[in-house]
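The values are calculated or read from the model by the stated rules, or taken from the named source; none is laboratory data. Bear in mind the structure is a predicted one, so any value in this text is a computation, not a measurement. Positions of Cβ are backbone-derived with ideal geometry, glycine not excepted, and every protein chain shown enters the neighbour counts.
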């Protein structure tokens, strides 16, 4: 799908990044239930490649520890710099952020993600970011 096609979608788009297939599918399902069209990537490197071609999405949900050059914190920092309109959620069951790991437009949550937590994050964190950008 081309960037212009993504921009024409009537629903918001989320990019989910996780190297664990079941977690990736589960997170994608939770976001779909919240009304997002979901794109999946298994590494932060693949997500970055996707974003270079299709940056018209509204949400990035990324794991931290994955194979490849970039980890989830690296990806979040790049997204904050290059695409500040994208709401970023960083989730990990093992990693704990150090100072500077979580950019301003991002929030960190421990795994596991639940439908209730995803709903709260989208309403509190992402609605806040989108409202601030409209002012």
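Here are some notes:
- Residue in segment 95-108 that is more than 21 Å from residue 127 (Cβ to Cβ), outside any loop (DSSP other than H, G, I, E, B) and touching a helix residue (DSSP H, G or I) at 6+ places or on another chain (Cβ under 6 Å) present: no
- Those helices (runs of 4 or more DSSP H) lying entirely in segment 3-65 with at least 1 residues more than 16 Å from residue 106 (Cα to Cα) and either in contact with a helix residue (DSSP H, G or I) (Cβ under 6 Å, 6 or more places away or on another chain) or at pLDDT 95 or above (or both): 21-33, 44-53
- Note on segment 119-133: residues that are in contact with a helix residue (DSSP H, G or I) (Cβ under 9 Å, 6 or more places away or on another chain) and either surrounded by fewer than 17 Cβ atoms within 10 Å (Cβ to Cβ) or at pLDDT 95 or above (or both) total 1.
- Condition check for residue 25 on (1) over 12 Å from residue 66 (Cβ atoms); (2) surrounded by 18 or more Cβ atoms within 10 Å (Cβ to Cβ): one failure, at (2).
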